[in-house]
Amino acid sequence: MSHAEQAERAVNFIRNIIDEDLSTGKHASIQTRFPPEPNGYLHIGHAKSICLNFGLAQDYQGLCNLRFDDTNPEKESLEYVNAIQRDVQWLGFQWAGEIRYSSSYFETFYQAAIELVNKGLAYVCFLSADETRQYRGTLTEAGKPSPYRDTPIAENLALLEKMRAGGFKEGECVLRAKIDMASPFMCMRDPTLYRIRFAHHHQTGDAWCIYPMYDFAHCISDAIENVTHSLCTLEFQDNRRLYDWILDNITLPGTSRPRQYEFSRLNLEYTVMSKRKLHQLVDDKMVSGWDDPRMPTISGLRRRGYTPASIRDFAERIGVSKVDSFTSMSILEAAVRDDLNLHAPRTMGVLDPVKVVIENYPTGQVESIQAPVHPQNEAMGSREIFFSREIYIDRADFREQANKDFKRLVLGDRVRLRNAYVIEAQRFDADANGEVTTIYCTFVEDTLGKNPTDGKKARGVIHFVEASKAVAAEFYLYDRLFSVPNPAKADDFEAVLNPDSLVIKKGFVEPGLVDAQAEKAYQFEREGYFCRDSKQPGLVFNRTVGLRDTWSEN
RNA sequence: UGGGCCGUAGCCAAGCGGUAAGGCAGCGGGUUUUGAUCCCGUCAUGCGAAGGUUCGAAUCCUUCCGGCCCAGCCA
């Protein structure tokens, strides 16, 4: 990252804290971590966290780990740990050293548990899950102590050992911290530290039958990795008391005392961000998979044509704060457009073709024309396009009659064909439904790169593809997945899916696109940014985002 | 209704006692062989509300209003 870019970094409260910690010498350098649970695919909300954690490490010359928070084997799998690594790297980040797993710290956690038991700060509790809930009290009433709360230390030690050895059934008992059953923080009312699960773990196999809870594992993992700034989302604000309590009561396994800071998670309009709901969309086949281009997952955005740079830029634009926010899609779309506008080669594609016959153009002649790859960037060179007696234009670009505001082809009037000649519409054929089948035009000679000499101006510019060299292609036009801004609030969020989130069109593209590489962005002029789909056979183009449109609503 | 947090423009977001940055969206105009891009201009006498302190308050104090989170052996 250049100094200029770095200087433009938006300030936020976390950077302020780091600046302070560095200037007071509290830390000589920073260590962050991105700690996903491998129980689903990463989404744009995770991207915000990834950009934050890795971005901070980059800017402050610190380190950022990738750590799988894999303490719940029943919900996790290797498929997800692989997909997550792929997504992080695709976004352009590389973790420091090896990948970390909370599960590789299981022995350390266990020793910490023993330490707590030895200090009289943890005990094995045989209350059922149901009873535990009743004993916990409510938001306004204190809880009452478990009858197992005062089991002697030596006995607890033996019990814990037996738990680990598989001497108890699942659910028969748990290890609990002994804190304060009257605490206004519910998470401090003797929280569970370990539960028994005879489940196969994707990393540790069958080595363990007791698995640590998030609150117990996370803070110690941070300490083991010498994390200085442990960043998480707002809903963990209460949990910070437990995070601190645990670290205050065990022998720190690392050299740093991590601190937790919370920022607000990303909410995006017209989509959902919870892994549970995304899972449901996939399971219920409402989308084609985690990487369906309509999904807010990183893999979906990638397949849709979003670039890593555009997602990083998006993260930069939305900033980091503690306000519950609801971000507008337009910020994300503006970020991709800015990136793609600069880098995407221009090409022409007709999504809804109608044939045009240029009656005064010689039959059988195919003319080659050099067109710029990018009109604002000559260095990108030129491409060969063709022109002949028969071409395709888009159905929406022709009207039998229209007022002056319609800057396209109108019967009896002129329009400029992008990169080619000016043509004039003479007449057209229509089928029984009134649907235009062929438009007959004449072209104005010597208008290649020149205006007509007769002074009659073209209404506007439309795009086309020469018919004989045209290559058939399919266009997948995506729109917002949901028809309401906040689908998560709906009683049944699947009932509020946008029925038009995918519209498929069959048309033609320039011959140069037959070998288009998947995921590589193109701008189909006047239509939008597209990329070839990475999964479907044949020429299938996904529309990443349309061009900014100041006309269609008129 | 116990506790933890948060309210600055339609959306995101700086600001930390010295007189409201920036981005997105919008609006007006210019350039244009993409109704795009680009360029110029415009967009909070106002910071949830009301009091108070101060020469001076979005910033400090008080009260009130609104929103989010917490009662998993999930994370």
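Could you tell me whether A:ARG459 is open to solvent by 60 Å² or more (accessible area, probe 1.4 Å), within 16 Å of RNA strand B (Cβ to nearest atom) and modelled with pLDDT of 95 or more?
On the way: open to solvent by 60 Å² or more (accessible area, probe 1.4 Å): no; within 16 Å of RNA strand B (Cβ to nearest atom): yes; modelled with pLDDT of 95 or more: yes.
Considered against the rule, which asks whether it is open to solvent by 60 Å² or more (accessible area, probe 1.4 Å), within 16 Å of RNA strand B (Cβ to nearest atom) and modelled with pLDDT of 95 or more, A:ARG459 comes out as no.
Can we say A:ARG383 is more than 15 Å from RNA strand B (Cβ to nearest atom) and surrounded by 15 or more Cβ atoms within 10 Å (Cβ to Cβ)?
On the way: more than 15 Å from RNA strand B (Cβ to nearest atom): no; surrounded by 15 or more Cβ atoms within 10 Å (Cβ to Cβ): yes.
For A:ARG383, the condition - more than 15 Å from RNA strand B (Cβ to nearest atom) and surrounded by 15 or more Cβ atoms within 10 Å (Cβ to Cβ) - is not met.
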Qualifying positions in the stretch A:98-113 - touching a residue at least 12 places away in the same chain (Cβ under 8 Å) and farther than 14 Å from A:LEU193 by Cα: A:ILE99, A:ARG100, A:TYR101, A:SER102, A:SER103, A:SER104, A:TYR105
Kindly list, by first and then second residue, each pair from a residue in the stretch A:514-525 that is of a type in the set (A, V, I, L, M) to a residue that is at pLDDT 95 or above and open to solvent by 70 Å² or more (accessible area, probe 1.4 Å), limited to pairs with Cβ atoms under 9 Å and residues at least 6 apart or on different chains. A:ALA518/A:LYS535; A:ALA521/A:HIS343
I want to confirm something. Restricting to the stretch A:185-226 and keeping residues that are surrounded by 19 or more Cβ atoms within 10 Å (Cβ to Cβ) and among the β-branched types (Val, Ile, Thr), which single residue is farthest from RNA strand B (Cβ to nearest atom)? A:ILE224
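Considering A:THR71, A:THR32, which residue is in a strand (DSSP E or B) and either at positive phi or crowded, with 19+ Cβ neighbours inside 10 Å (or both)? Quick ask: steps written out before the conclusion?
Working: A:THR71 fails: in a strand (DSSP E or B).
After ruling out the rest, the residue left standing is A:THR32.
Quick check: is even one residue across the stretch A:252-265 of a type in the set (A, V, I, L, M) and part of a helix (DSSP H, G or I)? Don't jump to the end; show me each part of the working.
Step one: filter the stretch A:252-265 for residues of a type in the set (A, V, I, L, M), giving A:252.
Then keep just the ones that are part of a helix (DSSP H, G or I); that gives none.
Taking every residue of the stretch A:252-265 in turn, none turns out to be of a type in the set (A, V, I, L, M) and part of a helix (DSSP H, G or I).
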If you take the residues of the stretch A:91-114 that are within 16 Å of RNA strand B (Cβ to nearest atom) and open to solvent by 60 Å² or more (accessible area, probe 1.4 Å), which of them is farthest from A:THR204 (Cα to Cα)? A:ARG100
Condition check: of a type outside the set (Phe, Trp, Tyr), over 24 Å from A:ARG532 (Cβ atoms) and assigned to a strand (DSSP E or B). Does A:THR363 satisfy that? no
Which residue, of A:TYR80, A:TYR41, is open to solvent by 10 Å² or more (accessible area, probe 1.4 Å), part of a loop (DSSP other than H, G, I, E, B), among the aromatic types (Phe, Trp, Tyr) and over 17 Å from A:GLU225 (Cβ atoms)? A:TYR41
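Please verify whether the stretch A:462-481 includes one or more residues that are over 22 Å from A:PHE541 (Cβ atoms) and either surrounded by fewer than 16 Cβ atoms within 10 Å (Cβ to Cβ) or not hydrophobic (A, V, I, L, M, F, W, C) (or both). Before the answer, list the steps.
First, the residues of the stretch A:462-481 that are over 22 Å from A:PHE541 (Cβ atoms): none.
Within the stretch A:462-481, none of the residues are over 22 Å from A:PHE541 (Cβ atoms) and either surrounded by fewer than 16 Cβ atoms within 10 Å (Cβ to Cβ) or not hydrophobic (A, V, I, L, M, F, W, C) (or both).
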Only one residue in A:GLY167, A:GLY137, A:GLY143, A:GLY171 is free of Cβ contacts under 8 Å to residues at least 12 places away in the same chain, open to solvent by less than 70 Å² (accessible area, probe 1.4 Å), assigned by TED's automatic domain parsing to the domain that holds A:CYS209 and not acidic (Asp, Glu), so which one is that? A:GLY167
Subset tally (residues that are farther than 12 Å from A:ALA113 by Cα and touching a Leu at 6+ places or on another chain (Cβ under 9 Å)) for the stretch A:146-158: 4
Could you count how many residues in the stretch A:175-191 are within 15 Å of A:LEU127 (Cα to Cα) and not in a loop (DSSP other than H, G, I, E, B)? 3
Please specify each residue of the stretch A:322-345 satisfying the condition of being in contact (Cβ under 8 Å) with a residue 40 or more places away in the chain, more than 8 Å from RNA strand B (Cβ to nearest atom) and assigned to a helix (DSSP H, G or I). A:MET329, A:LEU332, A:VAL336, A:LEU340, A:HIS343
Residue, least open to solvent (accessible area, probe 1.4 Å), within the stretch A:313-343, restricted to residues that are within 16 Å of A:THR271 (Cβ to Cβ), in contact with a strand residue (DSSP E or B) (Cβ under 6 Å, 6 or more places away or on another chain) and hydrophobic (A, V, I, L, M, F, W, C): A:VAL336
For the stretch A:386-407, give me the residue count where each residue is within 11 Å of RNA strand B (Cβ to nearest atom) and loosely packed, with under 15 Cβ neighbours inside 10 Å. 4
Check on A:ARG532, open to solvent by 20 Å² or more (accessible area, probe 1.4 Å), farther than 30 Å from A:ASP413 by Cβ and within 16 Å of RNA strand B (Cβ to nearest atom): no
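Just checking, does the stretch A:351-360 include any residue being under 30 Å from A:GLY289 (Cα atoms) and away from RNA strand B (no atom under 11 Å from the Cβ)? Explain how you work it out, then say what you get.
Residues of the stretch A:351-360 under 30 Å from A:GLY289 (Cα atoms): A:351-352.
If we keep only those that are away from RNA strand B (no atom under 11 Å from the Cβ) too, we end up with A:351-352.
The answer is yes; a qualifying residue exists.
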Among the residues that make up the stretch A:313-321, is at least one of them touching a Lys or Arg at 6+ places or on another chain (Cβ under 6 Å), assigned to a loop (DSSP other than H, G, I, E, B) and near RNA strand B (Cβ under 9 Å from one of its atoms)? no
For the stretch A:404-421, give me the residue count where each residue is within 39 Å of the chain's Cα centre (by Cα) and within 14 Å of A:VAL356 (Cβ to Cβ). 3
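The values are calculated or read from the model by the stated rules, or taken from the named source; none is laboratory data. Please read these numbers as outputs of a predicted model, since none were measured by experiment. For neighbour counting, all protein chains shown are included, and Cβ atoms are generated from backbone atoms with ideal geometry for every residue, glycine included. Just so you know, the surface numbers come from the protein's heavy atoms only, side chains and all, with ligands and any DNA or RNA stripped out. Shrake-Rupley method; radii C 1.70, N 1.55, O 1.52, S 1.80 Å.
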